[in-house]
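Working notes, beginning with the structure itself.
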Amino acid sequence: MKTLSKLGLALLSATALVTPALADDDKIIVGFATAESGFMQGYDKPAQDAAMIRIKEINEAGGLLGKQIEVVNADTKTDRAEGAKAGLSVIDAGADMVVVSCDYDFGAPAALAAEGAGLPSFFLCAESIKAGIQGVGPNSFSASVLAAVQGATMAEWSYTKKNARTYYRLLDTWTEYNKGICDGFDYMLPKLEGASLVGEDTFKNEDASIAAQITRIKSLPAEPDAIMLCTMMPGAVSAIKQIRAAGINAMILNGSGVDGSYWQSAVPDLSNFYVPVQGSVYGDDPNPEVTKFNAKYKEATGADPSTQYVYPGYVMIDVWAKAVERAGTTETSAVVAELEKMKDEPTLFGPRTFTSELHHQNSAKYLIVDTEKGKPAVVDSWTISAPIPVADLMK
């Protein structure tokens, strides 16, 4: 993105002029430059609430390196320019680590500010490969699993378990996340013998109508077995609603960005709709520890988790704190080195691996959630047959 590149250069220059507050020997500061308003709040707040739960657990157990973790906040307002300001604000408040928004496009300005200041950053749950080394720099990580893994998972699972053979690819070009889902699908589909792409199309998240795209689907000789829909909120609801209203009953496969029942009243009795999740918010996760966490989350926030994007926030603080403890310091290069040593590091929501080449997960076990008659439930789990190579992720 040319605009983001210019903004990134400006930030790298601007941060050279910023002098972070002197470190406090009695505390460790985590700065959240995240959305407290705007649509990204729906993704950022759940993950941030989970992060606060892990921070509280660490503080109650004696802290990190014997110090309490303190949090400072700045609202990005779901605006990229404001994101840059928010990043600089928490850095100026003395942050030892900067947490940024759940999406690469909206989190990168704050992450670039952290990179320019020589600080580590963690995207709450961004799933584009650019949300890390490739798009920000060597001190940036994401707590979630790559969008490409989601697309590859849904292709391989639907082929193997649902006998899908014909697919239609429908890409919302709005964000890198959406593109990543379809990139993973594109990577996996040619590996599935007998599977074929019978058509493909694009739309924009803000499009009020996708009638032309639907007409092209309905004009096919036969309805495809599955539609790979690469999109996210808020536009996902409209697209799904229009597909079903047009009488298209094919499986709809999507990424984790549309997990949650909070939006499904807009598409009454939605069925044959599948998404991959790192953990279930529906009370049916096969791991009882996840169910316990869900209860802890409700106790802390007053509400049940609304989406699987709660979970990466908890994972983020967990792995970062382990790295700090092992390094014996919050110094950036030492913490990054310890993170990059993690291979299948156990966490409540699955193992995490980071390397000097990739600060993301290019393979993961996903639960498969099926929505039938408006009710989502876990029906299966799947891990792709092999991790996606970085070279393919960068195509």
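The values are calculated or read from the model by the stated rules, or taken from the named source; none is laboratory data. Quantities reported herein were computed from a predicted structural model and do not represent experimental measurements. Ideal geometry is used to build each Cβ from the backbone, glycine not excepted, and the neighbour counts take in all protein chains shown.
Assess whether Ala86 counts as being touching an Asp or Glu at 6+ places or on another chain (Cβ under 8 Å) and modelled with pLDDT of 95 or more.
Yes, satisfied.
Scan segment 232-253 and report the pairs whose first residue is under 22 Å from Val277 (Cβ atoms) and modelled with pLDDT under 95 and whose second residue is surrounded by 19 or more Cβ atoms within 10 Å (Cβ to Cβ) and β-branched (Val, Ile, Thr), with Cβ atoms within less than 7 Å and a gap of 6+ or a chain change.
Met232/Thr175; Met232/Val258; Met233/Val258
If I ask for residues that are in a helix (DSSP H, G or I) and farther than 22 Å from Gln41 by Cα, which ones from segment 102-149 would you list?
Glu115, Gly116, Ile133, Gln134, Ala148, Val149
Among Gly350, Gly313, which is the only one that is at pLDDT below 95 and either small (Gly, Ala, Ser) or not in a loop (DSSP other than H, G, I, E, B) (or both)?
From the options Gly350, Gly313, the qualifying one is Gly350.
Given (1) closer than 29 Å to Lys292 by Cβ; (2) touching a strand residue (DSSP E or B) at 6+ places or on another chain (Cβ under 9 Å); (3) buried (at least 24 other Cβ atoms within 10 Å of the Cβ); (4) not β-branched (Val, Ile, Thr), identify the lone condition not met by Pro46.
(2)
Restricting to segment 168-226, and then to whatever is part of a loop (DSSP other than H, G, I, E, B) and of a type in the set (Val, Ile, Thr), can you tell me which residue is surrounded by the fewest Cβ atoms within 10 Å (Cβ to Cβ)?
Thr173
Let me confirm something: among Thr301, Thr291, which residue is closer than 26 Å to Ala126 by Cβ and either outside the structural domain of Gly42 (by TED's automatic domain parsing) or surrounded by fewer than 20 Cβ atoms within 10 Å (Cβ to Cβ) (or both)?
Testing whether each residue is closer than 26 Å to Ala126 by Cβ and either outside the structural domain of Gly42 (by TED's automatic domain parsing) or surrounded by fewer than 20 Cβ atoms within 10 Å (Cβ to Cβ) (or both) leaves just Thr301.
Counting only residues that are under 20 Å from the mean Cα position of the chain (by Cα) and among the aromatic types (Phe, Trp, Tyr), which one in segment 165-192 is nearest to Pro389 (Cα to Cα)?
Filtering segment 165-192 for residues that are under 20 Å from the mean Cα position of the chain (by Cα) and among the aromatic types (Phe, Trp, Tyr), the one nearest to Pro389 (Cα to Cα) comes out as Tyr187.
Taking only pairs six or more apart or across chains, which ones have beta-carbon atoms under 6 Å, a first residue in segment 154-183 that is at pLDDT 95 or above, and a second residue that is of a type in the set (Phe, Trp, Tyr) and assigned to a helix (DSSP H, G or I)?
So the pair list comes out as Ala155/Phe185.
Return only the number of the condition from (1) surrounded by 19 or more Cβ atoms within 10 Å (Cβ to Cβ); (2) under 17 Å from the mean Cα position of the chain (by Cα); (3) part of a helix (DSSP H, G or I) that Thr78 does not satisfy.
Just one mismatch for Thr78, condition (3).
Only residues that are touching a residue at least 24 places away in the same chain (Cβ under 8 Å) and either surrounded by fewer than 16 Cβ atoms within 10 Å (Cβ to Cβ) or not aliphatic (A, V, I, L, M) (or both): list them for segment 270-286, please.
Ser271, Asn272, Phe273, Tyr274, Pro276, Gln278, Gly279, Ser280, Tyr282, Asp284, Asp285, Pro286
Which pairs have Cβ atoms under 6 Å, sit 6 or more apart or on different chains, and link a residue in segment 131-143 that is assigned by TED's automatic domain parsing to the domain that holds Pro109 to one that is among the hydroxyl-bearing types (Ser, Thr, Tyr)?
Within 6 Å, the pairs are Ala131/Tyr104; Ala131/Ser142; Gly132/Ser140; Gly132/Ser142; Asn139/Thr332; Ser140/Ser121.
Show the residue pairs that are 6+ apart or on different chains and have beta-carbon atoms under 8 Å apart, the first residue being within segment 191-215 and more than 19 Å from Pro234 (Cβ to Cβ) and touching a residue at least 24 places away in the same chain (Cβ under 8 Å), the second being part of a strand (DSSP E or B) and of a type in the set (A, V, I, L, M).
Glu200/Leu170; Glu200/Leu171; Asp201/Leu170; Asp201/Leu171
Return the residue satisfying two criteria in turn: it lies in segment 81-119 and is without any contact (Cβ under 8 Å) to a residue 60 or more places away in the chain and charged (D, E, K, R), and of such residues it is surrounded by the most Cβ atoms within 10 Å (Cβ to Cβ).
By that ranking, first place goes to Glu82.
Checking the structure you have, find out if any residue of segment 38-56 is closer than 21 Å to Trp174 by Cα, part of a loop (DSSP other than H, G, I, E, B) and touching a Gly at 6+ places or on another chain (Cβ under 9 Å).
Within segment 38-56, one or more residues are closer than 21 Å to Trp174 by Cα, part of a loop (DSSP other than H, G, I, E, B) and touching a Gly at 6+ places or on another chain (Cβ under 9 Å).
Which residue out of Val324, Val335 is out of contact with any Leu (no Cβ under 9 Å at 6 or more places or on another chain), in the same structural domain as Phe122 (by TED's automatic domain parsing) and either in contact (Cβ under 8 Å) with a residue 12 or more places away in the chain or assigned to a strand (DSSP E or B) (or both)?
Val335
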